[in-house]
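No value in this document is a laboratory result; all are computed from the given coordinates. As the structure is a computational prediction, the values presented were derived from the model and not from experiment. Ideal geometry is used to build each Cβ from the backbone, glycine not excepted, and the neighbour counts take in all protein chains shown.
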Amino acid sequence: MNAVRAALLGMIAMGCCVSAWGQQEKMLAKTPPMGWNSWNKYACNVTEEVIRQEADALVASGMRDAGYEYVLIDDCWQASRDKDGFIVADPKTFPSGIKALADYVHSKGMKFGVYSDAGSKTCAGRPGSLGHEYQDAQKYAEWGADYLKYDWCNTTTQDAKASYTLMRDALRATGRPIVFSLCDWGTAKPWLWAGEVGQLWRTNGDLLDKWEGTVEWGGMGLVNNLDKQVGLESYGGPGHWNDPDMLQVGVGGMTTTEYRSQFSLWAILAAPLIAGNDVAKMSPEIAAILLNREVIAVDQDALGRQGRRIRKVGELEVWSRELGDGSRAVVLFNRSAGAQKIAVKWTEIGYPAKLVAAVRDLWEKKELGKFSGEFEAEVGSHGVVMVTVRP
């Protein structure tokens, strides 16, 4: 009996465990996943030493305790397949193997994730999972993976829904609960169908570490990305999230103000908060963004209701999100080149016009007082004012 057949028979034997896993699956990603991913900072220069160092830094910095629980290797960890078709990690950059690395991350009180691709090769040209879905899923489970990011390069004529469903079934067959992150860049409109397939799905092309602009291969700046999220709010919720891509906070291409804007808007969007900076070397200003627990609490609100843009006048915007306690989180967002005053009316966020409500600034971390009917603030260029409004 060859190794592949033995693996498949082993999965069948686990059938008794699949129903129990199904119950655990329902508990996956009840709030948007939080963690750290290697790609934005390291791309293909990722090694097991890098992952260990960043895992250590997540603990030392307080990020783990703030909710960043997943440590994720992106592309370039794979090297080849063995004679039976099983995936092999690059022995030069991951000499101890993936299981040892997963064990290390788990020993730090965090969860571990890997990356693959639905095509024949990954985006960086490493072996993809096409034709090896069940083998790869088995390996991920054996290694102790808790999360899989699944990309869409080199897929030719494949159907996205069918390909992602195949890998979902392979993950289920392992009996191990694994968060499944679909990354087809929104090409096949996954928000229409992916809620039954994975826990999160990309809504757009890659987010670049820049304020504005697009590139030919599909990457886009922050404000271009943000515009792609408008109208998708009804598809996100507990266990199934729209994913506008990872955080660029602290990677180096934008200002601190612009990074604060991304973090605030991602929280309003109930987006996954997946950091990608060098955590061990981040500045106090970047740490203050990533560790703002009041903003994180908005993102992680148990109601899971994604926020929406309620007003856009030129380059001035208001975004709002209903929270589980009946209050609202509001972001006043200024895309323009100069400071501007922006107001939000209570009737825009579902409250009576004459309601008296307490307003708290989540970045200044202070109560601003009680307001009737509306709240107005001056917002700096490319910046935000983020508040909660509580009746």
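Would you work out the relative contact order for the stretch 95-206, in percent, from Cα pairs under 8 angstrom that are 6 or more residues apart?
Reported as a whole number, the value is 23 percent.
For the residues 212, 317, what sequence is obtained by ranking on other C-beta atoms within 10 Å, fewest first?
Final ranking by Cβ density, sparse to dense: 212, 317.
Taking other Cβ within 10 Å of each residue's Cβ, how do 228, 341 sort, fewest first?
Going from least to most buried by this count: 341, 228.
So for the pair residue 341, residue 212, with labels modelled 7 Å out along Cα→Cβ, what separation do we get in nm?
2.4 nm
Could you tally the net charge around residue 58, taking each other residue with its Cβ under 14 Å from the Cβ of residue 58, Lys/Arg +1 and Asp/Glu -1?
+1
Can you give me the distance in nm between label points at residue 381 and residue 302, each placed 7 Å from the Cα along the Cα-to-Cβ direction?
4.4 nm
Counting Lys +1, Arg +1, Asp -1, Glu -1, what net charge surrounds residue 233 among other residues with beta carbon under 11 Å of its beta carbon?
+3
With n ≥ 4 as the cut-off for DSSP H runs, can you work out [θ] at 222 nm for the chain, using -39500 (n - 2.57) per run divided by the number of residues, rounded to the nearest 500?
So the helix-based figure for the chain works out to -8000 deg cm²/dmol.
Just need the relative contact order of the chain here, percent rounded to a whole number, with Cα pairs under 8 Å and 6+ apart.
13 percent.
First select every other residue whose beta carbon is under 12 angstrom from the beta carbon of residue 204; then total the charges, Lys and Arg +1, Asp and Glu -1.
-2
Quick check on my link table: of 149/228; 41/210; 149/281; 341/365; 26/121, which ones sit more than 23 Å apart, alpha carbon to alpha carbon?
Result: 149/281; 26/121 exceed 23 Å.
Which order do peptides 76-84, 270-278 fall in by mean Cβ count within 10 Å, highest first?
270-278, 76-84
Have a look at the DSSP beta bridges in the chain and tell me what percent are antiparallel, nearest 5.
The antiparallel proportion sits near 60 percent.
Taking neighbour counts of Cβ atoms within 10 Å as a proxy for exposure, in what order, fewest first, do 327, 264 appear?
Ordered by Cβ neighbours within 10 Å, fewest first: 327, 264.
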